[in-house]
Structures are given as C-alpha cells and as structure tokens.
Amino acid sequence: MRLHPRARLTGTALGCAVLSLALTAAPAAAGGKQSVQPHWDRVGHAALAPRDGWGAATTGTTGGAAADAAHTSVVTSRAELVAALGGKNSGNGSNATPKIIYVKGTIDLNTDDAGTVLSCADYATDGYNLADYLAAYNQQTWGTDRVPTGPLEDARKASQQKQAAQVQIRVGSNTTLVGIDGKARILGGGLLVKNVDNVIIRNLTFEDAADCFPAWDPTDDATGNWNSEYDSLALATATHVWVDHNTFTDGRNPDSAQPLHLGRPYQVHDGQLDITNGSDYVTASWNVFKDHDKTNLVGSSNSSTVDPGHLRVTFHHNKWDSTIQRAPRVRFGQVDVYNNHYVVDNPGEYEYSWGVGKESQIVAEHNYFTLTRGAKAAQAIHNWGGTAITASGNLVNGVRTDIVGAFNAANPDLALGTDAGWTPTLRAQVTPTALVPAVVGLLSGAGRL
C-alpha cells in the first residue's frame, strides 16, 4: 500500500525585510494572547477592501478583525490549530466567536494529538488493502457498467472517512487565518469552510492534500477513473470569504507521478480551491495555483437545487502555473475572472482553463495567457453545457486575442455566445493586461504579503 508522502515545501519567498519579521514572543498555549510584530498584527486585523470583488458585497468580509486578545493565537501544530478554532467540540465549525489565528511553520494534518506522523496504513480499517481492492474491481472481474459495491468498497469508504476526520479541519464563522513567517504551510489535508459566514484565509501554502483511498468508478468516462476526496480549501454553503496571497500545490507528490491502476492514473488529489453548495460572495485574489489537475470548481452539480442564484465569485490577480483544468470550471453563478496570469507549459496535459458549465455566467477580461510549445488559444475554453461567456481585453503571448472566437472556430458544434448577461462592478484595482505577468509574478502567492 502506498504510504502518505511527507512532502517538503520547495516554494519561493521574497527576501524582503518585511517577510523576515519574526514573532516577538514564543508561542504559548493555543487560544491565549499572542504577540506578533506590528506588520502581522495589521494583516491579521485587515478586512477585505470595499469593492474588492464579490466578497466585498452586502456586509463585506472582515473575518476575525473584531477578535479580542483571548481569541488571538499563534499555532504551530495540528492540535494547536484545532484548539484555536474552538476545540474538538467545535468540529462542525459552529464556533462563531471572532478569532485571529496566526500559523507559524508547517502544520502537518496527518499527525495525532501528540504530533506523531500518521501514514495511510494508520487509517486503513475493516480489512482494506489496495491489492485486494484492485483484484475485486478490475474490469475483467467486476465489469465496466456498475460502480463498486460490497465489503471491500465499504472498507475503502470507512478508511477514507477515518482519514477525513483527521485531515479536514473545520473553520467557523468570523475567523481570520494568516501565515506569518513566509513559510507557513498546511500539509497533507485541508480546511473546510462549511455553513459559515465571514472567513479570511491569507498567506498560507497548502500542499499535498492527498487521499489515501481514492474510489474507482468504471462508469466515469469511457475508460473509468479514480476519484479522490479532500480539497486543500473547500467552501460549501459559505458566504463572505476572502482567499488571498496563498499558494496551492501538490508539492513533491504530483498526480503525474502516481502509478496506473486498472489502466488509469491513480489520482490522489481533488481540488485546490473549490466553491460549492450555494456558497456566495467570495473573492480569491493574488493566489498561486500550480502543478495540479482539477484546480478550481465553482458549483456542485448540474442537478443542484442550492447553487442557482448564488456562487458570486471573483478571481483576480491569481496565477495558474502548469495546471491541467478548472481555472475555474463553473456551473451557475456570476463569476468575474480578471487580471489573472495563465502559464501553460504542459501542452500535452493541458485541457482547458475556463469551464463553461450549466447556466454559468463567466466574465473573463484582461487576463494574460503565456502559451508555450504549441498550445493554442482555443484550448483555453471547454464547453461543459454552457451557453455564453464574456471574454474581452485578453492577451495571448502579448497579442490581443478573441479567445471565444478561437474556441468557436475550432469547435463549431459547441460554439458559445459572447455575452454572459451581466457586467461586473466590484473591481477595486484593474491592472493593464500587458503588465499582468510582471505584477502577478512579483506579488502573488504565499510569502508575498
């Protein structure tokens, strides 16, 4: 059985003086008053600026800005993080007390309360093992027209749920989470922002939220597929959320390095930032998404009854670097995608950036695509059952390009309209498109705040 890899961050951090600011006091018990340098104190108390994307709409997003000293913490371990969020009794994210949590160093979510590192073998239960699973559900034995059922599939689900209980950390309303030392990292799992309002997540590196127990679905596409759980950051029925200056990566455990099982890549990662289940009023700004497959999903499913009328999301000044798809893929929702930099350096793997799904209303303007080694502008869009996308002012390798026109010319049977039916008004800062690669490259991602 494949053990969970202990990946190490190899990302970048600017060497400017402000990023070298250290704590003025050593960490004490989580939940107690912690003293940080004035710069990080200001960052922790910052609210999303007016008009800065959909997250600024209605009541705006302030996170834990109103936190008192007793609810301001510095955390360095999983146990301290859970305690600062309200403890195990608040595992459903119900603790809405305003709180500011500063993350220092690496927090490995695959650890127990004593800090002992856990492997996939520690989560396996009810007799699950991968070799038996593959033998039971291969195409010759099980077939290709039904999803797995039976004791081994039940054991896989139970093992996955055991891991989920450890590596999915719930975040309550009125919370700000900030990485403070330029190296703050959430490793091996992710944060779940569910059924809450008013959350800020900044300056963190999310790395390798790997599922030890992917599910085989022989009915998924013509050849079947492995599907995993766990997003690095998942928003579900969440409102007023600001996700800013973070880096999302698979690190040293990319899906491209996984083996083939049952003839298909054994995919152990799901999304990096997914926004589903009627979430609303979200701004994702100045983030880096890199070296990943299914990057950003907005919307739950075509049959969702909670997504229509919600999913108002802004993506601006983000960088997608060598990702494969979903940047973002959208169902329903008015999604503003502007001033982002797309670097496509993997044309053999690259599928698309903007996924135009059912009733989606994407406005994609003033974005810059850097396409290398034969990638084409027409690849930037995939029609997942949508009807239209507004795309204007975009540059491809420095040339103003009608990306919808390129897609329609290459896919006449899937042609899209050019008017998504709305005009964004919440844009606090618009960078000239030609400057986007330089500005985003200099200022986006963790360690650049």
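The values are calculated or read from the model by the stated rules, or taken from the named source; none is laboratory data. This structure is a prediction, so every number in the text was calculated from the model and none was measured. Every residue, glycine as well, gets a Cβ built from its backbone with ideal geometry; the counts of neighbours run over all protein chains shown. The accessibility values were calculated without ligands, DNA or RNA, using every heavy atom of the protein model including side chains. Shrake-Rupley method; radii C 1.70, N 1.55, O 1.52, S 1.80 Å.
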Of all residues in region 61-110 being in contact (Cβ under 8 Å) with a residue 60 or more places away in the chain, β-branched (V, I, T) and not in a strand (DSSP E or B), which is surrounded by the most Cβ atoms within 10 Å (Cβ to Cβ)? T61
Of all residues in region 382-427, count the ones that are farther than 24 Å from S303 by Cα, in a loop (DSSP other than H, G, I, E, B), of a type outside the set (V, I, T) and open to solvent by less than 60 Å² (accessible area, probe 1.4 Å). 7
State which residue pairs qualify: first residue within 18 Å of D52 (Cβ to Cβ) and inside region 423-440, second residue β-branched (V, I, T) and in a helix (DSSP H, G or I) in any location, beta carbons under 7 Å apart, and separation of 6 or more residues or different chains. T431/V439
Hits in region 115-145 - residues which are open to solvent by 50 Å² or more (accessible area, probe 1.4 Å), aliphatic (A, V, I, L, M) and either touching a Leu at 6+ places or on another chain (Cβ under 7 Å) or within 19 Å of K157 (Cβ to Cβ) (or both): A121, A131, A135
Checking A236 against (1) closer than 23 Å to G357 by Cα; (2) among the hydrophobic types (A, V, I, L, M, F, W, C); (3) open to solvent by 40 Å² or more (accessible area, probe 1.4 Å): exactly one of these is not met. Which one? (3)
Looking at region 354-377, which of the residues that are touching a helix residue (DSSP H, G or I) at 6+ places or on another chain (Cβ under 8 Å) and closer than 21 Å to L443 by Cβ is most open to solvent (accessible area, probe 1.4 Å)? H366
Determine which member of the set P259, P265, P254 is open to solvent by 20 Å² or more (accessible area, probe 1.4 Å), under 25 Å from K104 (Cα atoms), more than 11 Å from the chain's Cα centre (by Cα) and not aliphatic (A, V, I, L, M). P254
